[in-house]
Amino acid sequence: MKNTLIKLQQICKGYDLPNGTHMNVLEDIDLNIHEGEFVSILGPSGSGKSTLLRIIAGLIPPTRGKVLYNGQTIEGTNPGVGMVFQSFALFPWLTVLENVKLGLENKPWTEAEKMRKALSIIDMVGLDGFEGAYPKELSGGMKQRVGIGRALVMEPDILLMDEPFSALDVLTAENLKRDLLELWTEKKIPTKAIIMVTHSIEEAVYMSDRAIILSRDPACVTADISIRMPHWRDKQDSAFSSLVDRIYSILTKKREPQQQEHIEEQKRKMEKVPEVYAGALTGFIELIEDLGNSVDLYKLAEQLNLTLEDFLPIVEAAQMLGFATIHHGDIALTDTGAEFAIARVLDRKEIFRTQVVTHVPMMEKITWILESKSNNKMAREFFLEVFEKHYGSEEAEHQLDIIIDWGRYAELFAYNEQAKYLYLEQDASNPLTDM
């Protein structure tokens, strides 16, 4: 049995919102990371992936639960980890050498020893010759190599990476992935385990030994998948595609009955809607119809060149509104979805209206409030305050924007952007005074 480097026990993380309510981001996360593993963490946008990584690093404390490193409970910063950030996090006034040496600041070594170690790492990550360059002189890929070098120079047992390739262009990212994998698989670095947060399923399958899949609202571990294919992996291989399909299927699957208590809690709070505008959703449904009413999710995401963060909300919205279903990694239109895809404009709006009212309870509440007003209108600020009680201020803005967009498309109500109020659609032809 391999040594357990990191052990997470019943990790929960919640935040108190300004309005006095409490929001859970992570709930009862149990996870073991063993020596020799490259582990990827996947999940929908906002599922708490980066929060979990920062808890492992000791950058933020859990609300409840324990993080153990080599069997010892961690209080404060985890001494066994090095961190690579998405945004590079370099100091612009320091050279490449100085940025890398920064990782050795607390080491009880001589200046000569620190210099020797930093130069060795710079050479290892492919930056030999750029020791004296400043970040402004470097490409995105080279900046991230500096970030990786700064983490590795500490010789951490566990390397934590938070979407390390997402800010890079495709070719640069691929090159950096291969170089990092070469360092890892050929044991050229002393790191004993790597944990990477990613929004790319293909990236996780290409690089990792395990894929940890999180749900959302709050995040729980829904799957822990072993990836046993040897490196180097062929992305065109059927086994590779099959595993990507499987993970897509898990990520788009609705919660199981045993998680029903979480669903009921969310409904009491007010269920979130995916952040997808009606126009994008309509185009997505039309595309599925053009492709024969059923298509492989992985191939569709690849064809649209969409990341998991952008693709999953569209799939979730199609499911939520009853336009599509997911089965074994394929998305297929329901009868309603197929009817919607080929309907004329006015008929399509009527179908959308029916589905929104049926599946989004908040729509009915909004129209009821507008109908109860003598002038049939209500300020946006009123609804924003209601949403803030459930989501917090930033998320409330996003949720209300989508609800307004869906309501306008369905012609349930209209919205005056300049005066910031909602009003009943049937009164759109009447002159309305500002509130």
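Numerical summary
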| read-out | value |
| --- | --- |
| Residue within region 162-170 that is assigned by TED's automatic domain parsing to the domain that holds Ser242, assigned to a strand (DSSP E or B) and under 21 Å from Leu308 (Cα atoms) present | yes |
| Yes/no for Arg150 being crowded, with 22+ Cβ neighbours inside 10 Å and either assigned to a helix (DSSP H, G or I) or without any contact (Cβ under 8 Å) to a residue 40 or more places away in the chain (or both) | yes |
| The one condition in (1) at pLDDT 90 or above; (2) assigned to a helix (DSSP H, G or I) that Asp245 fails to fulfil | (1) |
| Residue tally, condition surrounded by fewer than 16 Cβ atoms within 10 Å (Cβ to Cβ), modelled with pLDDT of 85 or more and within 14 Å of Ser200 (Cβ to Cβ), over region 291-309 | 0 |
| Elements of type strands (runs of 3 or more DSSP E) contained in region 180-229, each with 3 or more residues being closer than 18 Å to Ile250 by Cα | 210-214, 221-226 |
| Filtered residues of region 281-301 (kept if more than 26 Å from Ala410 (Cα to Cα), part of a helix (DSSP H, G or I) and either in contact (Cβ under 8 Å) with a residue 40 or more places away in the chain or small (Gly, Ala, Ser) (or both)) | Leu297, Tyr298, Ala301 |
| Residue within region 88-104 that is closer than 18 Å to Thr51 by Cβ and in contact with a helix residue (DSSP H, G or I) (Cβ under 6 Å, 6 or more places away or on another chain) present | no |
| Single unsatisfied condition, Lys188 versus (1) within 21 Å of Thr77 (Cβ to Cβ); (2) basic (Lys, Arg); (3) surrounded by fewer than 19 Cβ atoms within 10 Å (Cβ to Cβ) | (1) |
| Selection count where residues are touching a helix residue (DSSP H, G or I) at 6+ places or on another chain (Cβ under 6 Å) and either buried (at least 22 other Cβ atoms within 10 Å of the Cβ) or within 29 Å of Asn99 (Cα to Cα) (or both), scope region 39-54 | 5 |
| Filtered residues of region 226-249 (kept if surrounded by fewer than 18 Cβ atoms within 10 Å (Cβ to Cβ) and among the aliphatic types (A, V, I, L, M)) | Met229, Ala239 |
| Count - residues of region 55-71 that are closer than 20 Å to Ala151 by Cα, touching a residue at least 40 places away in the same chain (Cβ under 8 Å) and surrounded by 15 or more Cβ atoms within 10 Å (Cβ to Cβ) | 4 |
| Subset tally (residues that are touching a strand residue (DSSP E or B) at 6+ places or on another chain (Cβ under 9 Å), over 12 Å from Leu8 (Cβ atoms) and either not β-branched (Val, Ile, Thr) or not assigned by TED's automatic domain parsing to the domain that holds Leu5 (or both)) for region 34-56 | 15 |
| Within region 59-74, tally of residues that are in a loop (DSSP other than H, G, I, E, B), closer than 21 Å to Asn3 by Cα and out of contact with any strand residue (DSSP E or B) (no Cβ under 7 Å at 6 or more places or on another chain) | 1 |
| Which listed residue is crowded, with 18+ Cβ neighbours inside 10 Å, assigned to a helix (DSSP H, G or I) and not assigned by TED's automatic domain parsing to the domain that holds Asp290, from Ile369, Ile403 | Ile403 |
| Selection status of Leu119, outside the structural domain of Asp28 (by TED's automatic domain parsing) and of a type in the set (A, V, I, L, M, F, W, C) | yes |
| Test: residue in region 114-137 that is hydroxyl-bearing (Ser, Thr, Tyr) and within 18 Å of Gln86 (Cα to Cα) | no |
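The values are calculated or read from the model by the stated rules, or taken from the named source; none is laboratory data. This one's a predicted model, so the numbers in the text were calculated from it and none came from an experiment. So basically every Cβ, Gly included, is an ideal-geometry build from the backbone, and we count neighbours across all protein chains shown.
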